[in-house]
1. Assign unit charges at the C-beta atoms only (+1 for Lys and Arg, -1 for Asp and Glu), then state the dipole size of the chain relative to its Cα centre in Debye, rounded to the nearest 20.
2. Count charges around Thr152 for me, please; just the other residues with Cβ under 9 Å from its Cβ, Lys/Arg as +1, Asp/Glu as -1.
3. For the range 22-80, what's the relative contact order in percent, using C-alpha pairs closer than 8 Å and at least 6 residues apart?
4. Pull out a ≥ b ≥ c, the square roots of the eigenvalues of the alpha-carbon gyration tensor of the range 63-122, then state rounded if a/c is under 1.5, prolate if not and a/b is larger than b/c, and oblate in the remaining case.
5. Return the long-range amide H neighbours of Thr28 (sequence gap of 5 or more, or a different chain), with a cut-off of under 5 Å between placed amide H atoms.
6. In terms of the Cα gyration tensor, with a ≥ b ≥ c the square roots of its eigenvalues, is the range 21-102 rounded because a/c is under 1.5, prolate because a/b exceeds b/c, or oblate?
7. Using a 1.4 Å probe on the protein heavy atoms only, what accessible surface does Phe32 show? Give it in Å² to the nearest 10.
8. For the chain, what percent of Cα pairs sit more than 30 Å apart?
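The values are calculated or read from the model by the stated rules, or taken from the named source; none is laboratory data. All values reported here derive from a predicted model rather than from experimental measurement. Note that we place each Cβ from the backbone using ideal geometry, even for glycine, and neighbour counts take in every protein chain shown. Accessible surface is based on the protein model in full, side chains and every heavy atom, while ligands, DNA and RNA are left aside. Shrake-Rupley method; radii C 1.70, N 1.55, O 1.52, S 1.80 Å.
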Amino acid sequence: MQELLVAHGLGGVVSLDLGAIRDFDYYTGITFEGYGPELGRPVAQGGRYDRLLERFGRPAPATGFVVQLDLVCEMLTHASRPPSLPRIDAAVAWSGTGLQTALRLGSTLRMFGMRAVVDTEPRDAAQAKAWWQAVGAVNLIHCRSKSAADWTVRGRRTRQLPPEQVAGRLAGELA
């Protein structure tokens, strides 16, 4: 698991304790806790629980975890230096009828190997730019409808293109 954190650029930010002992009887395998720098409590906890879903009429193997966002916020706020986080290639915002387009575009960009985040709430153009700046992504794609998107790259002017053209141009930059 630590190799996956390193591969995603989070190896120096999160450390895993694979020897965590949990007192819940539904765990059937490994349990873990994730720790951030300079915080003595786990910010994430989880494990394997293959028989839990049986209790709800749907037997299936399962693994799950929880991230304590309040502790993550505390960790980031009180850290002596902010952790170095991986680069985010695209922040995908949306407004009006653009949610489905934004979700599809985010998935498409990830299939091309890009790190993309999709906003959880609608935003107008000014709010989308503020969110983009806070996220720290290289590109902002603001999906306004099924066929209309505004694409902004740091330091350049905003262009209006169909979402599939934005995805194609970004994918072309990776090649």
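1. On the way: 20 positive and 17 negative charges, 167 e Å.
Its charge dipole is roughly 800 debye.
2. +4
3. Working: 89 pairs, mean separation 17.4, N = 59.
With pairs under 8 Å counted, the relative contact order is 29 percent.
4. Prolate, since a/c reaches 1.5 and a/b exceeds b/c.
5. For Thr28, whose amide H was placed from the backbone, the distant partners under 5 Å are Arg48, Tyr49, Asp50.
6. It is oblate, given that a/c is not under 1.5 and a/b is not larger than b/c.
7. 20
8. 37
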